[in-house]
Amino acid sequence: MRIIVTGGAGFIGSALVRYLVLEEGAEVLTLDKLTYAGYLANLAPVEGKPNHQFLRADICDEAAVTEAFSSFKPERIYHLAAESHVDRSITGAADFVNTNVIGTFTLLQAARAYWNGLSGDAKDAFRFLHVSTDEVYGSLGATGLFTEKTPYDPSSPYSASKAASDHLAIAWGRTYGLPTVVSNCSNNYGPYHFPEKLIPLIILNALHGKPLPVYGDGSNIRDWLYVDDHARALHLIASKGRLGETYNVGGRNERKNIDVVRSVCSILDRLAPKSHPHSDLITYVTDRPGHDARYAIDATKLETELGWKAQENFDTGIEKTVAWYLANEAWWRPLRDKVYSGERLGVLETVK
């Protein structure tokens, strides 16, 4: 199996690459632009493996993408390349529209041209998996779950750009026959997570004795999915999912943000104790603009139709995650020192 993974040096992408190369034995070409969140150290476990190649390229670069298709001759495309941080999208929406919308369009066009040049079994077997987020659905009330039939209602520039890219992937399947499948996942967490995201930010700020920022009153709810469980789900969806369908991937682990932060603090109190509880560092800050109240995924379709089941619950996954960060300072230290030191992002200037 020959697979191109776009965004494969990112958090979810690298987990998928490691799974495909090390567990499935697939031949993988990782294609990544290496923006601030693309980090080659994420791919250290597959470095030098004969079934892995890396190409530094931008999915908006039509020539580079076309060349990757023609030279590597993939049987599948797993498309994860995206700008993904909501806070950054608030003050820098252009990058999100360019990569998530124009980049996806460019990739779909290249995939379509390549697929049209195939014949027989090779053409029948080709798949394009477009990987997206539950944020395209907007905000849930106190009850209910997102299903594959939930109408799109994005709230941020990030989620709007991902919604647009989802629609493009679906349309390329319906209009041109390109064999596409779409997945929408809940909040991922685990090892190799870039420090701007909630869980690694809290872990590293706590280790450094810095404030632990919690938006609003911390009551916003997210459904948490361990990244290695997500990687298994993606490969399964691409392998067995029905063409033209969407599959939601969720961990069935709803938590308030404040409870996530307290869980991390509690684990750190045991594994890296200080003279005071880490929870003393919790600091409530002004809420994020357009902050959705609750996300929760109904993964029944994935579980019943394809037989997927999460192997980690939140308690086991968060324990592994905190322990990994404590054991891997060599991974996060360069990011913390040179790329992102924990400052707040996405703050809009008030016009007076």
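Read-outs: derived from the displayed coordinates by stated rules, not from any lab. Fair warning: this is a prediction, and the values are worked out from it, not measured in the lab. Ideal geometry is used to build each Cβ from the backbone, glycine not excepted, and the neighbour counts take in all protein chains shown.
Structure notes:
- The chain: antiparallel DSSP beta bridges as a percent of all, rounded to 5: 10
- Electrostatic dipole magnitude of the range 137-206 [Cβ: Lys, Arg +1; Asp, Glu -1; Cα centre; debye, to 20]: 80
- Placing one equal scatterer on every Cα of the range 3-100 and applying the Debye formula, the log10 ratio I(q)/I(0) at q = 0.24 Å⁻¹ is -1.26.
- Of interest is the spacing of the C-alpha centroids, which for the range 112-129 and the range 249-324 amounts to 39 Å.
- For the range 68-220, DSSP calls about 0 percent of its internal beta bridges antiparallel.
- Whole-Å distance, taken between Cα centres, linking the range 133-175 and the range 36-64: 28
- Cα-centred dipole magnitude for the range 258-352, charges only on beta-carbon of K, R (+1) and D, E (-1), debye, nearest 20: 300
- Based on DSSP H segments of at least four residues, each scored -39500 (n - 2.57), the chain has a per-residue ellipticity at 222 nm of -11500 deg cm²/dmol.
- Charge dipole of the range 282-351 about the Cα centre (unit charges at C-beta), most positive-ward option of I282, W324, V339: V339
- At least 24 Å along the helix axis (C-alpha) and Kyte average at least -1.0, DSSP helices within the chain: 157-176
- Over the chain: Rg over Rh, Cα atoms, Kirkwood Rh: 0.96
- When the listed pairs K240/K320; K162/K197; K73/K301; K49/K162; K49/K309; K162/K320 are checked against a 27 Å cut-off, the alpha-carbon distance exceeds it for K240/K320; K73/K301; K49/K162; K49/K309; K162/K320.
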